[in-house]
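For reference, the structure discussed in these notes is given below.
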Amino acid sequence: MVLIGAKDSHFAEFLSSEEETKYIKERIANNKSQITVNQFSRQVFIQVLETKKKPDYQVMEDLRLSAAKLLPEIQFNEIKSITIVHIDGSCDAVLAFAEGLALANYKFIKYLKDPDKKKSSLKEIRVACPLVEDQCIENLQHLIDAVYKTRDLVNEPASYLTAECLAREIENMGKQAGFKVEVFNKKKIESLKMGGLLAVNLGSIDPPTFSVLEYKPEGARNKKPIVLVGKGVVFDTGGLSLKPTPDSMDYMKCDMAGAAAVAGTFYAIAKARIPVYIIGIIPSTDNRPDGNAYAPGDVIRMYDGTTVEVLNTDAEGRMILADALSYAKKYKPRLVIDLATLTGAAAAAIGSYGIVCMGNAKRDVMNRLVESGNKVFERLAEFPFWDEYSELLKSDIADLKNIGGKYAGAITAGKFLEHFTDYSFVHLDIAGPAFNKKADGYRSIGGTGVGVRLLFNFLKNLDA
């Protein structure tokens, strides 16, 4: 059992002796925030809330992190089931702690010789709070499942997860959750003249895919769809503009984290039966330096007819996303949000502490995204999106260059994408938080599933 409460909460009613009560009071007096009582028949873990004033979203994040901190002790004691109780009745606190514990409990052990040895003992988390609606608990379960599936996709190596395999995995998620998936094969992509996607795919022996997801329940709040676009580069060598291996190419299996986040969001929304109309678009390929690979100096004609001078083949994500963003015009969308591990410049600017955000959407849209980001602690750092940055993309021989130069790389990448839009647009660069070299609280080592919780919260609270 986990008991959550303030320093002056009545923990004694859950304890079995005066000695335990005395011990708890002494630990609290010594400013201990986590206290364990071994009652032999069960373990009681006490989580003491801080007394200093903090924003609500920070309090909830502290609880998630506290839950992750407690997990090793739970596993050490081989506890299979745990019940979380807030003595003072805060449902949000109980759910936040449960969320942190569940997310921290994730492991990717598919490829181990003996995965059973590494499995977590914790199989069940119970929430004991009469005020929590069953729907809230069910939605949290769906969200956790979606993040797990997203992390699994990001953690899969390119030796398994080709573009075609990614499309099949998304189709399976659609069957499980109840959303539609249509996958365009290479022949269809060629017939549509999606030059950006086809150019990046030239160096690969595996064909590209272009997946279109749809969830349109009866009674959807919005008539015009929200379109989510995810970058699906299943492995990025940089192409002929080859990446170095250490701390670069060695974790580029995560370059499809945007695609995984879109699929995960659809899974959570459909499972929870949230009444919103959403479309997903996922262009996918790997980027390799084969003999026929696209090269610096090439001029590529994109799906919408725009010509692009390629100056760096490692700026491939924007090439495939551009075709997807152009294709999104056919839906006359209310809003389009893309997610992509797009630039090292975004990671260099803010590290793994948040998502770089920019776009031309109205202020209320940005404010609501920021609010959702704060609530789930996938925070947004909004960058300027001034028109002057577009000047850096001008080419002497084509309509655009695919890179802008030495400075403002994250922003010029966003402005490149904006060229292919004629609608309200938000660009989320998740390069920093998408993949961890080591665990960070409840954010697992490897793929973090970033973006799913943010978009689920945003779409769940969408106005008509």
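The values are calculated or read from the model by the stated rules, or taken from the named source; none is laboratory data. Because the structure is a prediction, the values reported are computed rather than measured. Every residue, glycine among them, receives a Cβ derived from its backbone with ideal geometry; neighbour counts consider all protein chains shown. Side chains are part of the model used for accessible areas, which takes the heavy atoms of the whole protein and leaves out ligands, DNA and RNA. Shrake-Rupley method; radii C 1.70, N 1.55, O 1.52, S 1.80 Å.
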- Any strands (runs of 3 or more DSSP E) falling wholly within segment 26-114 and containing at least 2 residues that are over 30 Å from Leu153 (Cα atoms), in contact with a helix residue (DSSP H, G or I) (Cβ under 9 Å, 6 or more places away or on another chain) and not hydrophobic (A, V, I, L, M, F, W, C): 34-38, 43-48
- Just to be sure, is Leu161 open to solvent by less than 30 Å² (accessible area, probe 1.4 Å), of a type in the set (A, V, I, L, M, F, W, C) and assigned to a loop (DSSP other than H, G, I, E, B)? yes
- Message: For segment 23-74, give me each residue that is more than 25 Å from Asp440 (Cβ to Cβ) and within 30 Å of the chain's Cα centre (by Cα).
- Response: Lys53
- Note on the structure: Counted residues in segment 261-293 being among the hydroxyl-bearing types (Ser, Thr, Tyr) and surrounded by fewer than 24 Cβ atoms within 10 Å (Cβ to Cβ) come to 1
- From the list Val200, Val181, Val234, Val227, which residue is under 26 Å from the mean Cα position of the chain (by Cα), assigned to a helix (DSSP H, G or I) and β-branched (Val, Ile, Thr)? Val200
- Residues of segment 421-430 being part of a loop (DSSP other than H, G, I, E, B) and open to solvent by less than 30 Å² (accessible area, probe 1.4 Å), in sequence order, are Thr421, Tyr423, Ile430
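So, of the residues in segment 208-222 that are part of a loop (DSSP other than H, G, I, E, B) and touching a residue at least 60 places away in the same chain (Cβ under 8 Å), which turns out to be nearest to Ala259 (Cα to Cα)?
So the first thing to find is which residues in segment 208-222 are part of a loop (DSSP other than H, G, I, E, B), and the list is 208, 216-222.
Within this subset, residues satisfying the condition of being touching a residue at least 60 places away in the same chain (Cβ under 8 Å) are 208, 216-217, 221-222.
Details: Pro208: 14, Lys216: 20, Pro217: 22, Arg221: 25, Asn222: 23 Å.
Top of the filtered list is Pro208.
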- Item | Only listed residue being without any contact (Cβ under 8 Å) to a residue 12 or more places away in the chain and among the acidic types (Asp, Glu), chosen from Glu169, Glu190, Glu182 | Glu190
- Note on the structure: Of the residues in segment 343-364, those that are in contact with a Leu (Cβ under 8 Å, 6 or more places away or on another chain) and not small (Gly, Ala, Ser) come to Ile355, Val356, Cys357
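Condition check ((1) in contact with a helix residue (DSSP H, G or I) (Cβ under 9 Å, 6 or more places away or on another chain); (2) open to solvent by less than 40 Å² (accessible area, probe 1.4 Å); (3) more than 17 Å from Ala347 (Cα to Cα)) across all residues:
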site: Lys362; (1), (2), (3): no, no, yes
site: Asn374; (1), (2), (3): yes, no, yes
site: Trp386; (1), (2), (3): yes, no, yes
site: Ser390; (1), (2), (3): yes, no, yes
site: Lys415; (1), (2), (3): yes, yes, yes
- The lone exception for Asn172 - which of (1) out of contact with any helix residue (DSSP H, G or I) (no Cβ under 7 Å at 6 or more places or on another chain); (2) open to solvent by less than 60 Å² (accessible area, probe 1.4 Å) it fails: (2)
- Task: Read through the list (1) under 19 Å from Gly178 (Cα atoms); (2) surrounded by fewer than 24 Cβ atoms within 10 Å (Cβ to Cβ); (3) in contact with a strand residue (DSSP E or B) (Cβ under 6 Å, 6 or more places away or on another chain), then give the number of the only condition that Leu213 fails.
- Result: (2)
- Has segment 223-235 got any residue that is in contact with a Pro (Cβ under 8 Å, 6 or more places away or on another chain), more than 30 Å from Arg453 (Cβ to Cβ) and not small (Gly, Ala, Ser)? no
- Message: Looking at (1) within 30 Å of Ala158 (Cβ to Cβ); (2) open to solvent by less than 10 Å² (accessible area, probe 1.4 Å), which one does Met366 not meet, given that it meets all the others?
- Response: (1)
- Query: Within segment 431-464, how many residues are in a strand (DSSP E or B) and either aromatic (Phe, Trp, Tyr) or open to solvent by 10 Å² or more (accessible area, probe 1.4 Å) (or both)?
  - Reply: 4
- Total residues in segment 294-348, condition open to solvent by 30 Å² or more (accessible area, probe 1.4 Å), among the hydroxyl-bearing types (Ser, Thr, Tyr) and either under 22 Å from Met366 (Cβ atoms) or out of contact with any helix residue (DSSP H, G or I) (no Cβ under 8 Å at 6 or more places or on another chain) (or both): 1
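Determine, yes or no, whether Glu378 is under 30 Å from Pro55 (Cβ atoms) and charged (D, E, K, R).
It is true that Glu378 is under 30 Å from Pro55 (Cβ atoms) and charged (D, E, K, R).
Quick one: how many residues across segment 261-288 are under 26 Å from Lys394 (Cα atoms) and part of a loop (DSSP other than H, G, I, E, B)? Give the derivation first.
As a first pass, look at segment 261-288 and keep what is under 26 Å from Lys394 (Cα atoms): 283, 287.
Cutting the leftovers down to part of a loop (DSSP other than H, G, I, E, B) gives us none.
The total comes to 0.
Scan segment 187-203 for residues that are in contact with a strand residue (DSSP E or B) (Cβ under 8 Å, 6 or more places away or on another chain), at negative phi and either basic (Lys, Arg) or open to solvent by 20 Å² or more (accessible area, probe 1.4 Å) (or both) and jot them down.
Lys188, Leu192
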